[in-house]
Every structure is written in C-alpha cells, then in structure tokens.
Amino acid sequence: MESSVNLFREACRKGWSLGKKLLRTIFIVIMILFGVLSLLQIAFALILWLDSIGT
C-alpha cells in the first residue's frame, strides 16, 4: 500500500514538472507569435506611411 502511494506521488511530481515545462513552452510560443504579428503590423504601417508620402 505504501509503495503505491509513493509511486502515485512520484508520478504526480513528474507530471507537474512536465506540465510546467509544457506551459512555459506554450507561453514562449505565444509570445513569439505576438512579437511576429506586431512586427508585421509595424512593417505594414511603415509601408503604407511611405506609400502615402511617395504619392
């Protein structure tokens, strides 16, 4: 009985650390996506601005 409880605790601990790694990875990916999108927005605004100056 005692060993199964210990195994369960160990599994919970491993699962929690894996979950934290997964959450961190997802967070980093979302931040990178937001960064790319904002860069694209800035580039698009710059292109439109330069186009309006040119004409």
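Got a number for residues in the stretch 5-54 being among the β-branched types (Val, Ile, Thr) and either touching a strand residue (DSSP E or B) at 6+ places or on another chain (Cβ under 7 Å) or loosely packed, with under 10 Cβ neighbours inside 10 Å (or both)? Let's see the steps before the verdict.
So in the stretch 5-54, the residues among the β-branched types (Val, Ile, Thr) come out as 5, 25-26, 28-30, 32, 36, 42, 47, 53.
Imposing the further condition that a residue be either touching a strand residue (DSSP E or B) at 6+ places or on another chain (Cβ under 7 Å) or loosely packed, with under 10 Cβ neighbours inside 10 Å (or both) reduces the set to 5, 53.
Adding up the residues that qualify gives 2.
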Can GLU2 be described as surrounded by fewer than 10 Cβ atoms within 10 Å (Cβ to Cβ), at pLDDT below 95 and either of a type in the set (S, T, N, Q) or at negative phi (or both)?
yes
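The values are calculated or read from the model by the stated rules, or taken from the named source; none is laboratory data. Fair warning: this is a prediction, and the values are worked out from it, not measured in the lab. Quick reminder, even Gly has a Cβ in these numbers, built from the backbone with ideal geometry, and neighbours come from all protein chains shown.
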